[in-house]
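The values are calculated or read from the model by the stated rules, or taken from the named source; none is laboratory data. Please read these numbers as outputs of a predicted model, since none were measured by experiment. Glycine gets a Cβ as well: all are built from the backbone with ideal geometry, and neighbour counts include every protein chain shown.
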Amino acid sequence: MPKHLRAVLPAVAIMLATMPAFTLATSSTNFYEQGGEVFDDWDICRTNAAGSDGFFQVYPEADFHPIILNESLGKNADTAHQIGQQFAKDYPDIKQRAERIFAFARDNVKYITDEDQFSFPEFAQNADELAATIEAEGMAYGDCEDYAVLLAAMYKGAGLRSAIVLAPDHAATLVYLPEHDEANQIMSVDGEPGWVWAEATGGNNPLGWMPERFIGERLRFYEVKDEAITKAEPPDKTPITITKQTGSSGLRISPFFGVIGLMWLLSLFRRRRVAR
């Protein structure tokens, strides 16, 4: 082996050994398929937002109800709600509490499309699934509706009023925060001003920043209520496994395969040296 490669090999090996291992996929089995759609054990459709069993119960020109939130509130309150409660204990100042919760979601969830993560054009996660992944792995992945339900549930747990807002091809969270005077747009819900936009999908977004493309657009709001949905009886359906890609759409390599790859490259380099 050439001396310069022999010198750097220990350092590279240490670097690879200390890199976090990335699991290429994790699975859940509490889902079933019906009519080409995926449902959870609350009988909520995870792959479609529309209709009575859609995760947001969206109807054309009518109200909507983000029913997936009720899997994480009321008697179903779990990790996301508890995180919000902890923020309430740690930050008595309401404005600071709201900002810290927003930063938690923004900094610990990485944006990824549902197609890249689940191989479905749409696949909603509930707030506790995201929160539990953050606690277990230090990072979760999701798209706009996933950020929205996580923030809404945590804000509710922290004693703050929250709402889900639907914009064209987008979902976000609102938090009632009349004290927040840095927002670029103050919203009104049912004629009540003081609501600010929580857009956590960008790594540098501050609380209260509303994308300009939505200013002046027709928006739909739903103020979150601390109510639960009752889990259905186990369906008479065969469970299916949903595979979740846990990294971004780029290639993620474990340290083991990294070391194997490095050894292969070194052997290739050595063969080329001999052939000269």
For the range 158-169, the count of residues that are without any contact (Cβ under 8 Å) to a residue 60 or more places away in the chain and crowded, with 17+ Cβ neighbours inside 10 Å equals 2
Might you check whether a residue that is within 25 Å of residue 92 (Cα to Cα) and either modelled with pLDDT under 95 or outside the structural domain of residue 90 (by TED's automatic domain parsing) (or both) occurs anywhere in the range 143-151? no
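Going through 82, 96 one at a time, which residue ends up being without any contact (Cβ under 8 Å) to a residue 12 or more places away in the chain and assigned to a helix (DSSP H, G or I)? Even if it seems obvious, please write down each step before you answer.
Details: 82 fails: without any contact (Cβ under 8 Å) to a residue 12 or more places away in the chain.
Only one candidate qualifies: 96.
Going by the conditions given, is residue 240 touching a helix residue (DSSP H, G or I) at 6+ places or on another chain (Cβ under 7 Å), of a type in the set (A, V, I, L, M) and at pLDDT 80 or above?
Working: touching a helix residue (DSSP H, G or I) at 6+ places or on another chain (Cβ under 7 Å): no; of a type in the set (A, V, I, L, M): yes; at pLDDT 80 or above: yes.
When the stated conditions are applied, residue 240 does not pass them.
Residues 172, 131: which one is buried (at least 24 other Cβ atoms within 10 Å of the Cβ), small (Gly, Ala, Ser), under 11 Å from the mean Cα position of the chain (by Cα) and assigned by TED's automatic domain parsing to the domain that holds residue 38? Steps first, answer last, please.
On the way: 172 fails: under 11 Å from the mean Cα position of the chain (by Cα).
Just a single option satisfies the conditions, and that option is 131.
Could you list all residues from the range 65-113 that are acidic (Asp, Glu) and more than 25 Å from residue 221 (Cβ to Cβ)?
Across the range 65-113, the qualifying residues are 78, 90, 93, 107.
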Anything in the range 98-117 that is surrounded by 21 or more Cβ atoms within 10 Å (Cβ to Cβ), of a type in the set (A, V, I, L, M, F, W, C) and out of contact with any Gly (no Cβ under 6 Å at 6 or more places or on another chain)? List them, or say none. 98, 101, 102, 105
Wholly inside the range 181-223, strands (runs of 3 or more DSSP E) that include 3 or more residues that are closer than 24 Å to residue 60 by Cα and in contact (Cβ under 8 Å) with a residue 12 or more places away in the chain are 220-223
